[in-house]
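Accompanying notes for the structure given below.
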Amino acid sequence: MVLKINNISKQFGGITALSNVSFSITEGEILGLIGPNGAGKTTMFNMITSVLAPTSGDISFYDEQISGLKSHQITTKGICRTFQNIRLFPEMTVIENVMTGSHCRTKSGVWKSVFRTKSQKQEEKEIYDKAKQLLETVNLLKERETLGKNLAYGQQRRLEIARALASEPKLLLLDEPAAGMNEQETVELHRLITKIRDMGITILLIEHDMPLVMKTCDRIVVLNFGKKIAEGEPKAIQSNPEVIKAYLGTEGDDDIA
Amino acid sequence: MLGELINPYYLQVASFILINIILGLSIYVTLASGQLSLGSAGFMAVGAYTTALLTTNFEVPLLVGILAGVMLAGIFGIIVGIPSLRLRGVFLAIATLGFGEIVRVFIVNTESLTKGAIGISGIPQLGREILDKLEVIGFDPEILGLKANQFTFLIVFILLLIIVIVLVCFFSRQKNSRVGRAFSAINMDEQAAASMGINVTYYKVLSFTQGAMLAGLAGALYAHVLSYISPADFTYHKAVEILTFSVFGGSEVVGGAIFGATFLTLLPETLRAISEYRYMIYGILLVVMMAYRPQGVIDEQMMRWFKRRKGRRQQHGTENK
Ligand SMILES: Nc1ncnc2c1ncn2[C@@H]1O[C@H](COP(=O)(O)OP(=O)(O)OP(=O)(O)O)[C@@H](O)[C@H]1O
Ligand SMILES: [Mg+2]
């Protein structure tokens, strides 16, 4: 079991963003996490990555408790995420963004950096080469010297994925990677996500683009008003009456069929 | 020959420029991780008083005194830096300014130790001490055609220049490394930085402490160059002046502190008429810079442009071979 969410609840003052949600992810799987706006999907990511602490419940990663750790410790353990509202390092170049992603897999401190020791140079070269390779994977190699903020929207989303991959995650959390992408880009995104899975990385995907979700995911968990209302394979989810009701209730801005 | 060229007054000004560059760097390095500290005057006072008291009262060697000043400023940096992690932007600026005032008031009020507002005089002079050491081994500045006082100013200038060059190399290299990237990442987006596995607490305290140590070093050197210090040297005016070096010159790059400190130290020296109004000018400069060029005169883009030009020229060079 890669990740086990155990009875997680989260309260924001009077709002219950998540209530007693449990599910788990097995190795090599692409698990979809869907639900109408405000269902609690991003909150779940924030629980997993310790951006916020759950009100109750716990989370384990490869059978090890991770609730209570700091965000950076969780990344070091092997969970990395992207953000719904893109959070790149805007004034860094594309390649610097990706190299920064390697932070927790490298060691050089102040003295090694200042004295440019052999091991430091070696390390810098390694993460530079790795960053180039990752940029190739997300098709941004040509833009490597561009500043993060000067990329087009879809490119920024891909850069965020490359940056996350640089931290060598075992589990990758993607928060609406297709948001703002055109049809062509979405097709490429689908290819990219399956390619990442084939690299041996387990994926938890939040997405509103239903065709993409149905095509990409092995299994889907559906949240509505903070509760898990369904879990299963894409076909079963598509025809689940609870799910259809939940989505119709939101005036159909997400078309499940 | 050399004797005619060396003017103690110019060397004195140049030495102050170098000390101010160190102060500018102290702002630069704390800002690198997104923390605006106005505590530099306070940390400077810690460094200056530590070495002044040790060397005048206990005849501790200068080097030991200066290092003690730097270390103590660094310890204060950690002590102030950790609780300050909760504070951002202007709140951090106010808290650190408060720290500076606490240090100053403490110095004024502990007369038995610090001589209060009167200050400490007769602090061993850096140049004089070096000359004494050299005379012991039979050196005479006459060999260089210099009078003793010319030599002391010259040797202080050279020593400070070496220190500044070492520091500039140190911080330029740090910037282009894993540590520097961690600082910038935190500066740009703390939450994203943490999500990339960067220990935000550690790096923020590190950068704050480095800034404190630099200010402490500048203070210690200042004490031994001037040989007289008083609490009036470390008021909040000084804190604002130090901030102006960095903000005017450019707070994103090491070169900014160098330019800012040099320009703003020379300005009142060359234009005596301005000297009286310097704090007013600093105020105006800060407002104008914030409105039109918040990153300062020298910014990252300018440095990149230089680098690219240099790169291109080198390329041409190899092609021509
Ligand atoms: N930091 C916060 N403070 C207060 N309330 C919050 C906070 N974060 C989320 N919420 C609330 O929790 C609920 C769930 O929000 P969440 O962002 O998890 O939804 P979501 O499923 O990601 O929605 P969307 O599809 O729009 O991104 C919402 O009602 C939201 O307003
Ligand atoms: Mg969301």
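Of these, A:A131, A:A162, which one is part of a helix (DSSP H, G or I) and in contact (Cβ under 8 Å) with a residue 60 or more places away in the chain? Please lay out each step first, then the result.
Details: A:A131 fails: in contact (Cβ under 8 Å) with a residue 60 or more places away in the chain.
The match here is A:A162.
Can you tell me which condition A:I95 does not meet? The list is (1) more than 22 Å from A:K228 (Cα to Cα); (2) within 12 Å of ligand 1 (Cβ to nearest atom); (3) β-branched (V, I, T), and all the others hold.
(2)
Restricting attention to the range B:218-239, report how many residues are modelled with pLDDT of 90 or more and within 26 Å of B:A291 (Cβ to Cβ). Let's see the steps before the verdict.
As a first pass, look at the range B:218-239 and keep what is modelled with pLDDT of 90 or more: B:218-235, B:238-239.
Now narrow it down to the ones that are within 26 Å of B:A291 (Cβ to Cβ): B:238-239.
Total satisfying the criteria: 2.
Would you please name the residue that is most open to solvent (accessible area, probe 1.4 Å), looking only at residues in the range B:138-185 that are more than 14 Å from every other protein chain (Cβ to nearest Cβ) and not in a helix (DSSP H, G or I)? Reasoning before the result, please.
The initial filter retains those residues of the range B:138-185 that are more than 14 Å from every other protein chain (Cβ to nearest Cβ), namely B:138-164.
Remaining after also requiring not in a helix (DSSP H, G or I): B:138-140, B:145-147.
Working: B:G138: 60, B:F139: 52, B:D140: 71, B:G145: 38, B:L146: 2, B:K147: 128 Å².
Top of the filtered list is B:K147.
Determine, yes or no, whether B:E101 is touching a Phe, Trp or Tyr at 6+ places or on another chain (Cβ under 7 Å) and on the phi < 0 side of the Ramachandran plot. Break it down into steps so the answer makes sense when it comes.
Working: touching a Phe, Trp or Tyr at 6+ places or on another chain (Cβ under 7 Å): yes; on the phi < 0 side of the Ramachandran plot: yes.
The answer is yes for B:E101.
Would you check which residues across the range A:73-91 are open to solvent by less than 10 Å² (accessible area, probe 1.4 Å) and either of a type in the set (G, A, S) or not in a helix (DSSP H, G or I) (or both) and list them? Talk me through it step by step, then tell me what you get.
Of the residues in the range A:73-91, the ones open to solvent by less than 10 Å² (accessible area, probe 1.4 Å) are A:74-75, A:78-83, A:89.
If the condition is that a residue be open to solvent by less than 10 Å² (accessible area, probe 1.4 Å) and either of a type in the set (G, A, S) or not in a helix (DSSP H, G or I) (or both), then A:G78, A:I79, A:C80, A:R81, A:T82, A:F83, A:F89 are the ones that fit.
Just checking: which of the helices (runs of 4 or more DSSP H) contained wholly in the range A:192-257 hold 2 or more residues that are at pLDDT 90 or above and open to solvent by less than 30 Å² (accessible area, probe 1.4 Å)?
Counting at least 2 such residues, we get A:210-216, A:234-238.
Does B:I242 count as open to solvent by less than 20 Å² (accessible area, probe 1.4 Å), modelled with pLDDT under 95 and part of a helix (DSSP H, G or I)?
Against the criterion (open to solvent by less than 20 Å² (accessible area, probe 1.4 Å), modelled with pLDDT under 95 and part of a helix (DSSP H, G or I)), B:I242 qualifies.
Could we say that B:V225 is in a helix (DSSP H, G or I) and more than 30 Å from B:N176 (Cβ to Cβ) here? Lay out the reasoning, then the answer.
Numbers: in a helix (DSSP H, G or I): yes; more than 30 Å from B:N176 (Cβ to Cβ): yes.
Criteria met by B:V225.
So, in the range A:140-177, of the ones that are within 16 Å of ligand 2 (Cβ to nearest atom) and either within 14 Å of another protein chain (Cβ to nearest Cβ) or surrounded by 23 or more Cβ atoms within 10 Å (Cβ to Cβ) (or both), which residue ends up farthest from A:M1 (Cα to Cα)?
Looking at residues that are within 16 Å of ligand 2 (Cβ to nearest atom) and either within 14 Å of another protein chain (Cβ to nearest Cβ) or surrounded by 23 or more Cβ atoms within 10 Å (Cβ to Cβ) (or both), I get A:R157.
A:F89 is checked against (1) within 15 Å of ligand 1 (Cβ to nearest atom); (2) within 14 Å of chain B (Cβ to nearest Cβ); (3) on the phi < 0 side of the Ramachandran plot and fails just one. What number does that condition carry?
A:F89 satisfies every listed condition except (1).
More than 21 Å from B:E129 (Cβ to Cβ) and surrounded by 21 or more Cβ atoms within 10 Å (Cβ to Cβ) - does that describe any residue in the range B:46-67? Give the steps one after another, and end with the answer.
If we filter the range B:46-67 for residues that are more than 21 Å from B:E129 (Cβ to Cβ), which is where we start, we get B:46.
Filter once more, keeping what is surrounded by 21 or more Cβ atoms within 10 Å (Cβ to Cβ): B:46.
Scanning the range B:46-67, I find at least one residue that is more than 21 Å from B:E129 (Cβ to Cβ) and surrounded by 21 or more Cβ atoms within 10 Å (Cβ to Cβ), so the answer is yes.
Listed residues B:L31, B:L36, B:L18; which is of a type outside the set (S, T, Y) and surrounded by 24 or more Cβ atoms within 10 Å (Cβ to Cβ)?
One residue alone meets the criteria, B:L18.
Considering every residue within the range A:109-125, establish whether at least one is at the interface with chain B (Cβ under 8 Å from one of its Cβ atoms), touching a strand residue (DSSP E or B) at 6+ places or on another chain (Cβ under 7 Å) and open to solvent by less than 30 Å² (accessible area, probe 1.4 Å).
No, the conditions are met nowhere in the range A:109-125.
What pairs can you find where one residue is in the range A:1-15 and open to solvent by 20 Å² or more (accessible area, probe 1.4 Å), the other is within 8 Å of ligand 1 (Cβ to nearest atom), and their Cβ atoms are less than 6 Å apart, with a gap of 6+ or different chains?
Pairs that qualify, where the first residue is open to solvent by 20 Å² or more (accessible area, probe 1.4 Å) and the partner is within 8 Å of ligand 1 (Cβ to nearest atom), are A:K10/A:A17; A:K10/A:L18; A:K10/A:T43.
Restricting to the range A:16-72, and then to whatever is within 14 Å of another protein chain (Cβ to nearest Cβ), within 16 Å of ligand 2 (Cβ to nearest atom) and assigned to a loop (DSSP other than H, G, I, E, B), can you tell me which residue is surrounded by the fewest Cβ atoms within 10 Å (Cβ to Cβ)?
A:L52
Taking B:K115, is it more than 14 Å from chain A (Cβ to nearest Cβ), over 21 Å from B:K238 (Cβ atoms) and open to solvent by 60 Å² or more (accessible area, probe 1.4 Å)? I'd like the intermediate steps shown before the answer.
On the way: more than 14 Å from chain A (Cβ to nearest Cβ): yes; over 21 Å from B:K238 (Cβ atoms): no; open to solvent by 60 Å² or more (accessible area, probe 1.4 Å): yes.
Spelling it out, it is not the case that B:K115 is more than 14 Å from chain A (Cβ to nearest Cβ), over 21 Å from B:K238 (Cβ atoms) and open to solvent by 60 Å² or more (accessible area, probe 1.4 Å).
If B:A193 satisfies every condition in (1) more than 10 Å from chain A (Cβ to nearest Cβ); (2) among the small types (G, A, S); (3) part of a helix (DSSP H, G or I) but one, which is the exception?
All conditions are met except number (1).
The values are calculated or read from the model by the stated rules, or taken from the named source; none is laboratory data. On a predicted model such as this, the values are computed, not experimentally measured, just so you know. With ideal geometry, Cβ positions are generated from the backbone for all residues, glycine too; neighbour counts draw on all protein chains shown. Note: accessible area is taken over every heavy atom of the protein model, side chains too, but ligands, DNA and RNA are not part of it. Shrake-Rupley method; radii C 1.70, N 1.55, O 1.52, S 1.80 Å.
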